[in-house]
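The structure under discussion appears below in the form of structure tokens.
The values are calculated or read from the model by the stated rules, or taken from the named source; none is laboratory data. Only a predicted model underlies this, so the values are computations on that prediction, with no experimental measurement involved. In this analysis, Cβ positions are derived from the backbone assuming ideal geometry, glycine residues included, and neighbour counts consider all displayed protein chains. Quick note on the areas: whole protein, heavy atoms, side chains included, nothing else; ligands and nucleic acids left out. Shrake-Rupley method; radii C 1.70, N 1.55, O 1.52, S 1.80 Å.
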Amino acid sequence: MFGSRPSRPARQDHEAGRLWWRDGIIYQIYPRSFMDANNDGIGDLEGVRRRLDHLAWLGVDGIWLSPCFPSPMADFGYDVSDYRDIDPVFGNLQDFDRLLADAHSRGIRIILDLVPNHTSDRHPWFQAARRSKDDPKRDWYLWRDPRPDGAPPNNWTSVFGGPAWELDPQTGQYYLHTFLKEQPELNWRNPEVVAAMHDVVRFWFDRGVDGFRIDVIHAIAKDPELRDNPMVNGVQKRLHSENHPDVHGMLRALRRLADDYDERMLVGEVYLMDPAEVATYYGAGDELHLAFNFSFMHAPWDAGAFRAQVERFAKLVPEQGWPDHVLSSHDARRHASRYDHATLGEARCRLAALMLLTLRGTPFLYYGEEIGMRNVEIPEDAMQDPLAWTLSPKLCRDGERTPMQWQPGPGAGFTKGSPWLPFGDDAGTRNVSRQMEEPASLLHLYRDAIALRRRNPVLQRGSFQPLDSPDQVFAFERRDGASRALVALNLGTTSVNPRLPAASVQGGLRTHARLPLPEDAASLELRPCEGAVFLTAC
Ligand code: NOJ
């Protein structure tokens, strides 16, 4: 580290009543794919550092780095073999400290990806645990004897396919793994495990890290008796293997730890299909600061569906909580591909961006979405994601993890070596440097909408109220004292007047950048897949 003082951000926003993770924008970086500084074809922390100016230019407030800890990479970093170091492929702790300090000097926070549910099978804890039934670390994981017929101890299945139990021949017992067999499950009912994980969190907070994205937090507590999961219509319901009520106490303890520091935050991946359950992870304002809202990932391109998802989550988040919105991540097909369309694909990207950046709730951007990166088709024999072979090539996540397209030409400004995954065919035309030169590009729209949000607290903290509008339109109002913002998004293929209330337009932007703003919001005509945000007096 630089001296012994942890790096802290230059801008102390809380002094102005601004809270970075609530009022700002968070940008997810998949470190393998953002920028490769040492030209081995794989992105690294020094690469991220060299691209900080792009993020500062864009106007983001925080970066979430997907795991960069030492890992055998069976699940590309979600199998951690040391929680207190950096994998050599990404650099070392000095590189991390340099990145953190340089980010902080630009007022950009960094959150790391905590993977508390499981370790790598190469983690020294598991290596010790599997040595013998009497090893002091044995109970750090979940071990059970086979059933009399040799079958696994219960019927739980792995999210990645097959049984969730692996027989360890040396001691004749099975161990539990919700994901790959290389990702053995930690036993969070053992206080030593809790203490060890708290130490990890402190280690990074003391270094100056601003928060954590917590992986599969809903799975850390299991039914103490490990009872069979029930089958509903032939499908296993994960009643006993995840979302156990005891998880909330464990989370409150983590939150207390975060609250011992200033302005740190916890955002959790609560991958449950029922948003009402997801919302319980806010507790009474004493659990997660943010629970990922993945609603858009399951919503079709439809104004009614978008409105319903947003309204539903908004109502579920408790008063002390704060919503958030996600369009894309490293686990789902990029939204530019999900919502692609023969003629309106680009317009849809613009509209989705405007929606994300004007809704009430923290926007999470996924690297590359600011230039409209699409999923890249990876030939089956070149697939790297383990899901491709444990489940199905159709579920392979490589397509959304391809390297960032910075500039035209070989290596796309990402690497001078051979990239670990191929670039999209469009890298020569869809890239940062090209879009930087075009004021009407998607990249500039992201930047302009972020700047608008940053300048207008009504777009950060204002209330949210959907407005009556034609079926093809999702329209809403944000209010904060005497300030108001009106947003109208036409998801349809025809032009429409969204029927915004009469109000004198004082500023704003529309996704068809070259069209002027109307004087009166009520006279707005939206073209197919066009959106607009207007600032007006109340
Ligand atoms: C969720 C992560 O987002 C995903 O990428 C990973 O495979 C699983 N958790 C297992 O850690």
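Quick check on the range 101-143: of everything there that is of a type in the set (S, T, N, Q), more than 30 Å from GLY24 (Cβ to Cβ) and surrounded by 15 or more Cβ atoms within 10 Å (Cβ to Cβ), which residue is farthest from the chain's Cα centre (by Cα)?
Residues of the range 101-143 that are of a type in the set (S, T, N, Q), as a first pass: 105, 117, 119-120, 127, 132.
In the following step, the residues that additionally are more than 30 Å from GLY24 (Cβ to Cβ) were identified as 119-120, 127, 132.
From what is left, the residues that are surrounded by 15 or more Cβ atoms within 10 Å (Cβ to Cβ) are 119-120, 127.
Numbers: THR119: 20, SER120: 21, GLN127: 31 Å.
My answer is GLN127.
Report, by residue number, each residue of the range 417-440 that is in contact (Cβ under 8 Å) with a residue 40 or more places away in the chain and touching a helix residue (DSSP H, G or I) at 6+ places or on another chain (Cβ under 8 Å).
GLY417, PRO419, TRP420, LEU421, PRO422, PHE423, ARG430, ASN431, VAL432, GLN435
Would you please list the contacts, defined by Cβ atoms under 7 Å and residues six or more apart or on different chains, that run from a residue in the range 353-370 that is farther than 15 Å from LEU509 by Cβ to a residue that is among the charged types (D, E, K, R)?
So the pair list comes out as ARG360/ARG478; GLY361/ASP324; THR362/ARG22; THR362/ASP324; PHE364/ASP324; GLU369/ARG334.
Only residues in the range 477-502 that are modelled with pLDDT under 95 count as the first member; pair them with residues that are small (Gly, Ala, Ser), Cβ under 7 angstrom, at least 6 apart or cross-chain, and list the lot.
These pairs meet every condition: ALA482/ALA537.
Looking at ASP210, ASP199, ASP206, which is the one that is in contact with a Gly (Cβ under 7 Å, 6 or more places away or on another chain), within 30 Å of LEU112 (Cα to Cα) and more than 16 Å from the ligand (Cβ to nearest atom)?
Values: ASP199 fails: in contact with a Gly (Cβ under 7 Å, 6 or more places away or on another chain); ASP206 fails: in contact with a Gly (Cβ under 7 Å, 6 or more places away or on another chain).
Answer to the selection: ASP210.
Quickly run through the range 124-156 and pick out the residues that are of a type in the set (Lys, Arg), in a loop (DSSP other than H, G, I, E, B) and touching a strand residue (DSSP E or B) at 6+ places or on another chain (Cβ under 9 Å). Before the answer, list the steps.
Here is the first cut: in the range 124-156, the ones of a type in the set (Lys, Arg) are 130-131, 133, 137-138, 144, 147.
Subset that is in a loop (DSSP other than H, G, I, E, B): 130-131, 133, 137, 147.
Scanning the range 124-156 gives ARG130, LYS133.
Yes/no per residue for (1) more than 21 Å from ARG22 (Cβ to Cβ); (2) surrounded by fewer than 18 Cβ atoms within 10 Å (Cβ to Cβ); (3) in contact with a Pro (Cβ under 8 Å, 6 or more places away or on another chain):
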| position | (1), (2), (3) |
| --- | --- |
| GLU185 | yes, no, no |
| PRO191 | yes, yes, no |
| MET197 | yes, no, yes |
| ARG207 | yes, yes, yes |
| LYS222 | yes, no, no |
| PRO245 | yes, yes, no |
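Any residue in the range 157-168 that's away from the ligand (no atom under 16 Å from the Cβ): show its pairings with residues that are charged (D, E, K, R) at Cβ separation under 6 Å, as long as the two are six or more apart or on different chains.
Between residues of the range 157-168 that are away from the ligand (no atom under 16 Å from the Cβ) and residues that are charged (D, E, K, R), the close pairs are ASP168/ARG130.
Just checking, which of TRP204, TRP188 is over 21 Å from the mean Cα position of the chain (by Cα), modelled with pLDDT of 95 or more, among the aromatic types (Phe, Trp, Tyr) and not in a strand (DSSP E or B)?
TRP188
Looking at the range 226-243 only, could you name the residues that are assigned to a loop (DSSP other than H, G, I, E, B) and loosely packed, with under 11 Cβ neighbours inside 10 Å?
Residues of the range 226-243 that are assigned to a loop (DSSP other than H, G, I, E, B), as a first pass: 226-230, 233-234, 237-243.
Those that are assigned to a loop (DSSP other than H, G, I, E, B) and loosely packed, with under 11 Cβ neighbours inside 10 Å: ASN233, GLY234.
Name the pairs whose Cβ atoms lie under 7 Å apart, with the first residue in the range 73-85 and not assigned by TED's automatic domain parsing to the domain that holds ALA128, the second more than 14 Å from the ligand (Cβ to nearest atom) and open to solvent by less than 10 Å² (accessible area, probe 1.4 Å), and 6 or more positions between them or separate chains?
Pairs that qualify, where the first residue is not assigned by TED's automatic domain parsing to the domain that holds ALA128 and the partner is more than 14 Å from the ligand (Cβ to nearest atom) and open to solvent by less than 10 Å² (accessible area, probe 1.4 Å), are TYR83/VAL200; ARG84/VAL200.
Residues to consider are ASP135, ASP149, ASP121, ASP87; find the one that is out of contact with any Leu (no Cβ under 9 Å at 6 or more places or on another chain), within 16 Å of the ligand (Cβ to nearest atom), among the acidic types (Asp, Glu) and more than 26 Å from TRP20 (Cα to Cα). Before the answer, list the steps.
Numbers: ASP135 fails: within 16 Å of the ligand (Cβ to nearest atom); ASP149 fails: within 16 Å of the ligand (Cβ to nearest atom); ASP121 fails: out of contact with any Leu (no Cβ under 9 Å at 6 or more places or on another chain).
Exactly one residue qualifies, and that residue is ASP87.
How many residues does the range 492-538 hold that are out of contact with any helix residue (DSSP H, G or I) (no Cβ under 8 Å at 6 or more places or on another chain), open to solvent by 50 Å² or more (accessible area, probe 1.4 Å), hydrophobic (A, V, I, L, M, F, W, C) and closer than 19 Å to ALA353 by Cβ?
1
Report whether or not LEU443 is farther than 30 Å from GLU319 by Cβ, touching a residue at least 60 places away in the same chain (Cβ under 8 Å) and open to solvent by less than 10 Å² (accessible area, probe 1.4 Å).
Numbers: farther than 30 Å from GLU319 by Cβ: yes; touching a residue at least 60 places away in the same chain (Cβ under 8 Å): yes; open to solvent by less than 10 Å² (accessible area, probe 1.4 Å): yes.
So LEU443 passes the test.
Hey, can you tell me all the residues within the range 65-74 that are under 21 Å from TYR367 (Cα atoms) and open to solvent by 10 Å² or more (accessible area, probe 1.4 Å)? Break it down stepwise before answering.
Residues of the range 65-74 under 21 Å from TYR367 (Cα atoms): 65-69, 73.
Result: MET73, single match.
Being surrounded by fewer than 19 Cβ atoms within 10 Å (Cβ to Cβ), over 27 Å from LEU443 (Cβ atoms) and either more than 16 Å from the ligand (Cβ to nearest atom) or among the charged types (D, E, K, R) (or both) is true for just one of ASN92, ASN39. Which residue is that?
From the options ASN92, ASN39, the qualifying one is ASN92.
Among LEU327, LEU344, which is within 16 Å of the ligand (Cβ to nearest atom), aliphatic (A, V, I, L, M) and at pLDDT 95 or above? Give the steps one after another, and end with the answer.
On the way: LEU344 fails: within 16 Å of the ligand (Cβ to nearest atom).
From the options LEU327, LEU344, the qualifying one is LEU327.
Here's a check for you: in the range 232-255, which residue that is out of contact with any helix residue (DSSP H, G or I) (no Cβ under 8 Å at 6 or more places or on another chain) and under 12 Å from TRP156 (Cβ atoms) is nearest to the ligand (Cβ to nearest atom)?
Filtering the range 232-255 for residues out of contact with any helix residue (DSSP H, G or I) (no Cβ under 8 Å at 6 or more places or on another chain) gives 232-240, 244-246, 249, 252, 255.
Of the ones still in play, those that are also under 12 Å from TRP156 (Cβ atoms) are 236-240.
Working: GLN236: 18, LYS237: 20, ARG238: 14, LEU239: 20, HIS240: 19 Å.
By that ranking, first place goes to ARG238.
Looking only at the range 356-389, filter to residues that are among the polar types (S, T, N, Q) and open to solvent by less than 10 Å² (accessible area, probe 1.4 Å); which one of those is farthest from ALA485 (Cα to Cα)?
As a first pass, look at the range 356-389 and keep what is among the polar types (S, T, N, Q): 358, 362, 375, 384.
Checking the rest, the ones that are also open to solvent by less than 10 Å² (accessible area, probe 1.4 Å) come to 358, 362.
On the way: THR358: 9, THR362: 17 Å.
Checked the range 356-389; the qualifying residue farthest from ALA485 (Cα to Cα) is THR362.
Only one of (1) over 20 Å from VAL235 (Cβ atoms); (2) surrounded by 17 or more Cβ atoms within 10 Å (Cβ to Cβ); (3) touching a residue at least 40 places away in the same chain (Cβ under 8 Å) fails for ASN154. Which number is that?
Exception for ASN154: condition (1).
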